[in-house]
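Enquirer: Dumping the structure here so I can ask a few things about it.
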Amino acid sequence: MQGGRTPRRSPAARTLWNAAEVAVTLGLVLLLLVAHQLWWTNRQARAAAERKVHALEEEWGRGGSGDGGSGTGSGPRPPSGGSSGHGHGPRKGSGGGEARGGGSSAPSGTSRTGTPTPRWDQAYAILRIPRIGIRVPVAEGVSKAAVLNHGYAGHYPRTAQPGQAGNFALAGHRNTHGEPFRHINRLRRGDEVTVETAHATYTYVVDKTLARTSARDGGVIRDVPRSDVRTGYGYRQPGYYLTLTTCTPEYTSKYRLVVWGKLRAMRPR
């Protein structure tokens with residue numbers, strides 16, 4: 001080296017240096033993307049869900065019916081059965097022909113009419129699961145963009161509403177966007193799940209769990225829920241059921257985890 005000049009790198013050295021810079025840059029970008037998905041989306045969705053819970057509670061405290069302005073969107077309801085890419089539960093099969101409530105008496109205090117069908121994407125109920133610390137809104141439909149990514153639980157179209165005979169079926173994220181259903185695998189038989197609407201509070205009790213089934217197992221959300229894939233899981237008699245579905249294993253969407261409960265009581269507001 002003469003005159004303090006830096007020696008020139010060989011072409012191979014320059015190539016390696018440039019490749020290293022690109023690798024570091026890509027690594028930082030990926031790290032930011034992971035942080036966004038695993039931290040920022042959870043923070044945003046949980047805050048939004050909590051605000052909606054407070055808004056519903058305040059509205060009901062004023063004697064509101066929950067029908068005015070509590071939705072996440074104001075558009076018209078899509079045709080029955082639309083699911084807009086929910087990705088967190090099975091599709092409801094067209095079969096299963098069991099009639100809701102036939103041959104099954106209603107639990108004490110239960111109204112056979114239950115909750116009126118809300119508008120599409122409308123947040124209209126509050127789901128509480130004390131064992132795992134859940135308190136989130138329930139909205140109509142299972143669209144990712146309009147419902148699940150807000151940290152809400154989404155109600156499957158064409159399944160029963162809270163308090164109705166049949167199967168009140170919900171989907172929720174297990175990871176990212178608030179991940180409200182992340183720990184539903186920890187629920188055990190006898191755990192309470194409450195669903196509060198403008199009209200009543202419905203108490204369900206966890207009864208059964210299906211640890212893994214196909215993403216297309218529509219039987220688990222039929223009126224009389226029973227797995228089409230693992231036929232030993234589910235029910236054979238009409239009743240008043242609750243179904244919670246989410247993805248499994250964590251950080252994948254290959255299979256579905258299912259928790260079932262039965263309605264125990266209804267308390268009018």
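Enquirer: Checking the structure you have, find out if any residue of the range 122-141 is surrounded by 21 or more Cβ atoms within 10 Å (Cβ to Cβ), modelled with pLDDT of 80 or more and over 22 Å from TRP60 (Cβ atoms).
Expert: Scanning the range 122-141 turns up no residue that is surrounded by 21 or more Cβ atoms within 10 Å (Cβ to Cβ), modelled with pLDDT of 80 or more and over 22 Å from TRP60 (Cβ atoms).
Enquirer: Considering every residue within the range 135-144, establish whether at least one is within 25 Å of GLN237 (Cα to Cα) and among the hydroxyl-bearing types (Ser, Thr, Tyr).
Expert: No, the range 135-144 contains no residue that is within 25 Å of GLN237 (Cα to Cα) and among the hydroxyl-bearing types (Ser, Thr, Tyr).
Enquirer: What's the number of the condition ALA146 fails, among (1) in contact with a Ser or Thr (Cβ under 7 Å, 6 or more places away or on another chain); (2) modelled with pLDDT of 95 or more; (3) surrounded by fewer than 24 Cβ atoms within 10 Å (Cβ to Cβ)?
Expert: Among (1) in contact with a Ser or Thr (Cβ under 7 Å, 6 or more places away or on another chain); (2) modelled with pLDDT of 95 or more; (3) surrounded by fewer than 24 Cβ atoms within 10 Å (Cβ to Cβ), ALA146 violates only (2).
Enquirer: Then there is this: Mind checking which strands (runs of 3 or more DSSP E) fall wholly inside the range 155-269 and carry at least 2 residues that are modelled with pLDDT of 95 or more, among the aromatic types (Phe, Trp, Tyr) and surrounded by 21 or more Cβ atoms within 10 Å (Cβ to Cβ)?
Expert: Qualifying strands (runs of 3 or more DSSP E): 200-214, 240-248.
Enquirer: Give just the number: which of (1) touching a Phe, Trp or Tyr at 6+ places or on another chain (Cβ under 8 Å); (2) over 17 Å from ILE129 (Cα atoms) does LEU242 not satisfy?
Expert: (2)
Enquirer: Right, here's the next one. Looking at (1) surrounded by fewer than 19 Cβ atoms within 10 Å (Cβ to Cβ); (2) at pLDDT 95 or above; (3) in a loop (DSSP other than H, G, I, E, B), which is the only condition SER105 fails?
Expert: So the condition that SER105 fails would be (2).
Enquirer: Any residue in the range 181-191 that is free of Cβ contacts under 8 Å to residues at least 24 places away in the same chain and either among the polar types (S, T, N, Q) or out of contact with any helix residue (DSSP H, G or I) (no Cβ under 9 Å at 6 or more places or on another chain) (or both)?
Expert: So far as the range 181-191 goes, yes, one or more of its residues are free of Cβ contacts under 8 Å to residues at least 24 places away in the same chain and either among the polar types (S, T, N, Q) or out of contact with any helix residue (DSSP H, G or I) (no Cβ under 9 Å at 6 or more places or on another chain) (or both).
Enquirer: Give the range 217-269 a look and list any residue that's under 20 Å from ARG158 (Cβ atoms), among the aromatic types (Phe, Trp, Tyr) and touching a Leu at 6+ places or on another chain (Cβ under 8 Å), or say none.
Expert: TYR240, TYR241, TRP260
The values are calculated or read from the model by the stated rules, or taken from the named source; none is laboratory data. Computed from a predicted model, the values in this text were never measured in an experiment. Note: ideal-geometry Cβ built from the backbone for every residue, glycine included; neighbour counts use all protein chains shown.
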